[in-house]
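Scroll down for the structure; my scribbles are underneath it.
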Amino acid sequence: MTSKDPLPQSRHLATAIPGPKSQELIARRKEAVSAGLGMAIPAFIERGEGAILQDVDGNRIIDLGAGIGVVNVGNAAPRVVARVTEAVQAFTHTNFTTAPYMGYVEVCEALNRLTPGTHKKKSILQNSGAEAVENAIKIARHSTKRPAIIVFEHAYHGRTNLTMALTAKNVPYKEGFGPFANEIYRMPMPYSFHYEGNLATMAQDYLDIVTSKIEKEVGAHNVAAIIIEPIMGEGGFIVPPKGFLPGLAKFATEHGIVFIADEVQTGFARTGDLFACEDEGVVPDMIVTAKGIAGGLPLAAVTARAEIMDSSHVGGLGGTYGGNPIACAAALGAIETIEEEKLVERARHIGKILNESLSALAKKYPIIGEVRGRGAMQAIELVEAGTKNPNPAAMATVIKYCQSKGVLILTAGTYGNVIRFLPPIVISDELLKDALGVLEEAFATL
């Protein structure tokens, strides 16, 4: 097979996983690369296309992780590849704040058009979700002249010093890396599966608790921003109850607080809307995007009300690589793919297949405590049968079985017991159902 031949969109095992070539490379990795980096699947990849990853031993693996929700448009998406090829032949870097170029402006124009709300918006571009979150906090504080930031249980916002402070889970993200930034206040997060109260009133009950804590323990007049993931990502794909996000946004508006939607994992058609906060018509003051924005190249953005974005002094925002021309070209290709191939609708269709299949599994296997999520962002929480006690051992067994059969799935969850499904949105029905069949085999082995 030459590099120009299409990569078959089918699962194929040429060797055991890991194969001999991957085993050799894993040994080299161990010698050369920090042991602080994890490895989800022991297979070195040499090609990726659509929803298939091919390793160095010739195994074709179904990708249900999409590079952690990055290649929403598929690996090596044709429009992304074409635009990147053209861009890299033109020039590779100038720094936008040194000598500007149109790609940066075009991406900002697209973000201003596509993100929720009809108000005047402006954007800036960065390299990663964590960097974008840092900039969002920086801008919100500068705009409001207030210090405090409100975050939530089960949140994940990144691995830099400030974003580790915003992130809830200690191991592996925070352990031993402190001290962290101050003026961060963590609030309770409604998590229906583990809630013992009345589910019908959960949203309002939590809103009452959160707003009371903000007013009494922080002072609403001291709060620059409330930042929240519309669906918690690394925390376990926790979906807030209806009414909770709109209630938070309303409270923020009433108190002059910048409401920030962290859509790093939920954005760009992932949940069956272009952005997850659209599900309840929430219009954030500021939205943070990354991952799915550029089809696999490093790019992130902050988009907000123009008056907020313009509050910073000239030179106060920037960065050497933010909005690199190659990454901008990739983003324009990814956005074009989402719109032209109707991937928002496709994500809803994938969500239907996922939900039906996972719900059927849950009825058959009582260790699946809950199926949750939206669109092409869904998860199952594994428990000890008949309880809500986390079952990370079962999760590990299922993951290992699926990997051995050529299906890449990812973990998540505060309690280390959630399997999450983030397939490329271009995955075919047949390939997705094949992967889900392997998942059912894995549960049958328990």
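The values are calculated or read from the model by the stated rules, or taken from the named source; none is laboratory data. Owing to the predicted nature of the structure, the values given are computational and were not obtained by experimental measurement. Heads up, the Cβs are rebuilt from the backbone with ideal geometry, glycines too, and the neighbour counts pull from every protein chain shown. Ligands, DNA and RNA are excluded from the accessible area calculation, which covers all protein heavy atoms including side chains. Shrake-Rupley method; radii C 1.70, N 1.55, O 1.52, S 1.80 Å.
Please compute the contact order of the chain in relative form: average sequence separation of alpha-carbon pairs under 8 Å and at least six residues apart, divided by the residue count, as a percent. Don't skip to the answer; put the middle values down first.
Values: 912 pairs, mean separation 97.9, N = 446.
Reported relative contact order: 22 percent.
The chain: longest stretch without exposed GluC sites (Glu not before Pro) (DSSP loop, at most 15 other Cβ within 10 Å), sites themselves excluded? Let's see the in-between values first.
Numbers: sites that count: Glu175, Glu183, Glu196, Glu384.
Segment 197-383 is the longest.
Skipping prolines and chain starts, which residues have an amide H placed within reach, meaning under 5 Å, of the one on Gln378, given they are 5 or more residues away or on another chain?
Residues meeting the amide H criterion: Phe421.
May I ask for the net charge around Gly323, where only other residues with Cβ less than 15 Å from the Cβ of Gly323 are counted and Lys, Arg are +1 while Asp, Glu are -1?
Details: positive: Arg83, Lys122; negative: Glu106, Glu109, Glu131.
Result for the local shell: -1.
Treating only the Cβ of Lys, Arg, Asp and Glu as charged (+1, +1, -1, -1), what charge dipole size does the chain show about its Cα centre? Round to the nearest 20 debye.
Working: 42 positive and 47 negative charges, 82 e Å.
Dipole magnitude for the chain comes out near 400 debye.
Could you go through region 345-351 in sequence order and give the Karplus-derived ³J(HN,Hα) for each residue, using 6.51 cos²θ - 1.76 cosθ + 1.60 with θ = phi - 60°, rounded to whole Hz, and x for Gly and Pro?
For region 345-351, the Karplus-derived couplings read 5, 4, 4, 5, 5, 4, x Hz, x marking Gly and Pro.
Starting from region 1-100, pick out the chymotrypsin sites (Phe, Trp or Tyr not before Pro) whose DSSP state is loop and whose Cβ has at most 15 other Cβ atoms within 10 Å.
Values: sites: Phe44, Phe91, Phe96; in loops: Phe44, Phe91, Phe96.
Answer by residue number: Phe91.
Once amide H atoms are placed 1.01 Å from N in the peptide plane, what residues at a sequence separation of 5 or more from Lys121, or on another chain, have their amide H within under 5 Å of its amide H?
Ala306
If we count every other residue with Cβ under 14 angstrom of Val210's Cβ, Lys/Arg +1 and Asp/Glu -1, where does the sum land?
Values: positive: Arg186, Lys213, Lys216, Lys250; negative: Glu153, Asp205, Asp208, Glu215, Glu217, Glu254.
Here the count lands on -2.
Between [x] -0.97, -1.14; [y] -0.88, -1.05; [z] -0.83, -0.92, which entry matches log10 I(q)/I(0) by the Debye sum over Cα atoms at q = 0.11, 0.12 Å⁻¹ as derived from the coordinates of this structure?
Read-out taken from this structure: [y].
Could you calculate the contour length gain from Asn170 to Leu446, that is, 0.36 nm times the residue separation minus the distance between their Cα atoms, to one decimal place in nm?
96.4 nm
When the Karplus curve 6.51 cos²θ - 1.76 cosθ + 1.60 is applied with θ = phi - 60°, which whole-Hz ³J(HN,Hα) does each residue of region 74-86 get, with x for Gly and Pro?
x, 6, 6, 4, x, 5, 5, 4, 4, 5, 5, 4, 5
For region 22-71 and region 206-257, what is the separation of their Cα centres, given in Å?
38
Compute the Cα gyration tensor for region 401-446, then decide on rounded, prolate or oblate, letting a ≥ b ≥ c be the square roots of its eigenvalues: rounded whenever a/c is under 1.5, prolate when a/b is larger than b/c in the other cases, and oblate in all that remain.
Oblate, because a/c is 1.5 or more while a/b does not exceed b/c.
According to the square roots a ≥ b ≥ c of the eigenvalues of the Cα gyration tensor, what is the shape class of region 67-119, taking rounded for a/c under 1.5, prolate for a/b larger than b/c otherwise, and oblate for the remainder? Don't skip to the answer; put the middle values down first.
Working: a/c = 2.15, a/b = 1.03, b/c = 2.09.
Because a/c hits 1.5 or more and a/b fails to exceed b/c, region 67-119 counts as oblate.
Estimate the FRET efficiency between Ser428 and Thr397 by the formula 1/(1 + (r/R0)^6), using the beta-carbon distance for r and 30 Å for R0, to the nearest 0.05.
On the way: r = 28 Å, r/R0 = 0.92.
The formula returns an efficiency of 0.60 here.
Counting only heavy atoms of the protein chains, get the accessible area per residue of region 241-364 (1.4 Å probe) and round it to a whole Å² value. Don't skip to the end; give the middle numbers.
Working: 4370 Å² over 124 residues.
Per-residue value: 35 Å².
Under a 5 Å amide H to amide H cut-off, with H placed in plane at 1.01 Å, what residues pair with Asp57 once short-range neighbours are removed?
Answer set, sorted by chain and number: Ser22.
Is the shape of region 234-379 best called rounded, prolate or oblate, per the rule: a/c under 1.5 gives rounded, else a/b larger than b/c gives prolate, else oblate, with a ≥ b ≥ c the square roots of the Cα gyration tensor eigenvalues?
On the way: a/c = 2.43, a/b = 1.42, b/c = 1.71.
Oblate.
Going through region 58-138, which trypsin sites (Lys or Arg not before Pro) have at most 12 other Cβ atoms within 10 Å and a DSSP loop state? Display every interim value, and only then the final one.
Numbers: sites: Arg60, Arg79, Arg83, Arg113, Lys120, Lys121, Lys122, Lys138; in loops: Lys120.
Passing both the DSSP loop test and the Cβ count: Lys120.
Label point 7 Å out from Lys342 along Cα-to-Cβ: which residues of region 108-123 have amide N under 13 Å?
Inside the label zone: nothing.
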